[in-house]
Amino acid sequence: MKKVHIKSFGCQMNVYDGQRMADILGEQGFEESATPEGADLILLNTCHIRERAVQKVYTELGKLRDLKTAQKAQGQDTRIVVAGCVAQAEGAEIQRRQPAVDLVVGPQAYHRLPELLEQARARRIVDTDLPIDDKFGHLPAPRPASIRARGISAFVTVQEGCDKFCAFCVVPYTRGAEFSRPVAQILVEVERLAAAGVQDVTLIGQNVNAYHGEGPDGASWSLARLMHRVAEIEGICRIRYTTSHPRDMDEDLIAAHRDLPQLMPFLHLPVQAGADRILAAMNRKHTADDYRRLIARIRRARPDIALSSDFIVGFPGETAAEFEETIRLVDEIGFASAYSFKYSPRPGTPAAELATQIGSEEMNERLYRLQERIEHHRQAFNHALVGCKVEILLERAGRHPGQLAGKTPYLQAVQIETETNQIGDRVQVVIERAGSNSLFGRKAGPDDRAPEELAA
Ligand code: SAH
Ligand code: SF4
Ligand code: F3S
């Protein structure tokens with residue numbers, strides 16, 4: 001059998017696309033291989049979000065060129081494909097910088113992989129068409145064996161692209177305009193996943209809460225309405241969604257956090273910065289107080305919700321005092337977790353043109369301070385759960401024999417000792433200890449209490 005090695009960088013959309021490309025290639029007789037060595041086809045599914053992510057791709061391609069040469073010497077042909085957001089942004093430039101690349105295919109064109117691979121036998125090919133000729137309608141359904149191999153949790157892309165144009169961000173250029181998949185198509189996909197044992201789905205999109213797909217009734221459905229329907233699918237016990245924009249947190253979505261038991265109490269809601277002048281310069285179109293008020297409304301609907309965010313430090317012109325506003329916001333909200341990044345100027349984005357770029361030393365200091373506060377709140381959130389009973393969905397083997405690992409509803413990893421349980425079980429667990437990255441628990445007894453019962 002021919003072998004394909006797929007390596008995905010970047011966000012969950014790329015993880016999903018990587019799996020769908022594996023499904024397409026599976027139909028062409030390829031089996032997936034965990035390493036590039038010996039593979040007939042090597043596919044890098046790339047990310048363009050920060051400069052560092054792009055450098056990684058070219059470093060990786062250099063190594064793959066050497067592998068291709070070595071395999072050629074032993075009589076094996078190796079073909080190299082670059083997919084994902086760098087493919088979209090840089091197109092033919094990739095093959096100019098690394099001639100060993102046979103094919104460049106963008107995120108909205110990969111359903112054409114079989115024919116493109118065929119054409120690439122004769123000459124180098126670049127396909128970065130953006131208008132979606134309904135890519136999703138052309139993707140083969142994953143086989144039950146592939147679904148099972150990927151585990152009981154799955155991502156499902158429901159929305160793609162972005163019309164928001166934050167001043168720092170490449171996504172609107174690499175993924176194109178906002179597009180929502182029709183409800184029926186998503187339901188078929190989730191039903192198929194559930195039939196093969198998936199219990200936990202995360203609906204994903206660059207702006208997932210702007211979802212407005214066509215419903216079976218012809219009307220436009222919101223994300224909340226879609227999730228209520230997904231929750232009816234037999235076997236689906238946990239639902240999440242990511243990534244959301246503060247401007248699209250509609251009332252029905254907030255209400256779903258109160259009313260829909262399958263919707264997990266976790267929300268990733270990037271705010272990026274705490275100072276209004278910087279938020280305006282970023283073109284976020286909301287203030288820090290808008291965000292605070294929004295969080296208050298969400299917490300009224302679901303008091304125990306775990307909140308997460310993304311932050312950028314050192315956006316052009318950000319003063320020391322403005323950075324302190326970010327710290328203040330972090331300390332007020334008390335995020336359960338968060339990602340933080342140094343601003344990276346991206347070609348073609350308005351912010352990259354600004355003259356007031358921040359120096360790297362200042363940038364490092366701000367990142368260090370922010371991460372220290374984020375880590376403090378993450379630890380506090382984890383420690384607050386010690387002594388409480390929570391439901392764990394067991395997802396994989398633990399670190400040691402006799403251990404299984406799963407996640408709390410708040411998306412924390414938990415290890416438990418168990419002889420009788422297996423992957424896929426939902427177990428009531430009492431958290432006994434919070435380590436730096438995982439929680440440790442034991443199976444609960446009748447007297448143990450959940451956090452919401454303790455709060456009452
Ligand atoms: N659609 C999502 C996130 C997209 S990218 C949203 O709107 O929040 C993921 C994160 O990368 C962003 O939230 C942002 O914090 C970060 N990011 C994007 N562009 C960046 C840049 N040029 N420099 C540094 N971080 C960036
Ligand atoms: Fe990028 Fe902003 Fe769109 Fe998110 S909302 S993908 S940060 S442009
Ligand atoms: Fe990166 Fe593209 Fe995702 S730029 S973050 S892989 S949408």
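Assorted remarks:
- Beta bridges assigned by DSSP with both partners in the chain are antiparallel in approximately 35 percent of cases.
- Here's how it looks for G398: its modeled amide H is under 5 Å from those of Q403, L404, A405, which are all 5 or more places away or on a different chain.
- Taking a straight Cα-Cα cut-off under 30 Å and skipping sequence neighbours fewer than 8 places away in the same chain, the lysines within cross-link reach of K342 are K7, K56, K63, K164, K285, K407.
- For the range 2-127, the relative contact order comes to 24 percent (Cα pairs under 8 Å, sequence separation of at least 6).
- Taking all protein chains into account, the per residue accessible area for the chain stands at 44 Å² (1.4 Å probe).
- With semi-axes defined as the square roots of five times the eigenvalues of the C-alpha gyration tensor, the equivalent ellipsoid of the range 140-384 measures 33, 21, 17 Å, largest first.
- Under the combined filter of DSSP loop state and at most 13 neighbouring Cβ atoms within 10 Å, the range 322-423 retains these GluC sites (Glu not before Pro): E419.
- For the chain, the Cys residues with no second cysteine's beta carbon closer than 4.7 Å are C11, C47, C85, C162, C237, C388.
- Straight-distance candidates among the aspartates and glutamates for linking to K135, with alpha-carbon spacing under 17 Å and chain neighbours fewer than 8 residues away dropped: D17, D23, E27, E115, D127, E160, E178, E189, E214.
- Other-chain or far-sequence residues with amide H under 5 Å of A167's (modelled H): N283
- For I298, net neighbour charge (Lys/Arg +1, Asp/Glu -1) across residues whose Cβ lies under 12 Å away: +4
- Within the range 389-443, percent of DSSP bridges classed antiparallel, to nearest 5: 85
- The GluC sites (Glu not before Pro) found in the range 166-235 that occupy coil by DSSP, while having at most 12 further C-beta atoms within 10 Å, are E232, E234.
- Column: log10 I(q)/I(0), Debye, Cα scatterers of the range 175-247, q = 0.15, 0.17, 0.20 Å⁻¹: -0.48, -0.62, -0.84
- Karplus-derived 3J(HN,Hα), 6.51/-1.76/1.60, for each residue of the range 438-443, Hz, glycine and proline x: 10, 9, 10, x, 10, 5
- Inter-part distance where the range 270-331 and the range 193-239 are each reduced to a Cα centre, Å: 28
- The mean sequence distance of close C-alpha pairs (under 8 Å, at least 6 residues apart), as a share of the length of the chain, puts its relative contact order at 9 percent.
- Remark on N45: its backbone amide H falls under 5 Å from those of K7, S8, F9, A83, a criterion applied only to residues 5 or more positions apart or on other chains, H modelled at 1.01 Å from N.
- Distribution of pairwise C-alpha distances over the chain, 20 Å bins, in %: 23, 55, 22, 0
- Helix-derived mean residue ellipticity, 222 nm - over the chain, DSSP H n ≥ 4, -39500 (n - 2.57), to 500: -11000 deg cm²/dmol
- Rg/Rh for the range 389-443, where both radii come from Cα atoms and Rh is the Kirkwood radius: 0.90
- Exposed loop positions in the chain were taken to be trypsin sites (Lys or Arg not before Pro) whose DSSP state is not H, G, I, E or B and which have at most 15 other beta-carbon atoms within 10 angstrom. Between these positions, the longest stretch is 125-284.
- Here the accessible area is traced with a 1.4 Å probe on the protein chains. For the range 140-384, carbon and sulfur cover 54 percent of it.
- Long-range tail of P(r) for the range 1-153 (Cα pairs > 25 Å, %): 23
- On the range 1-92, 48 percent of the accessible area sits on carbon and sulfur atoms, based on a 1.4 Å probe.
The values are calculated or read from the model by the stated rules, or taken from the named source; none is laboratory data. The model shown is predicted, which means the values in this text are computed figures rather than measured ones. Every residue, glycine as well, gets a Cβ built from its backbone with ideal geometry; the counts of neighbours run over all protein chains shown. Calculation scope for accessible area: heavy atoms of the full protein, side chains included, ligands and nucleic acids excluded. Shrake-Rupley method; radii C 1.70, N 1.55, O 1.52, S 1.80 Å.
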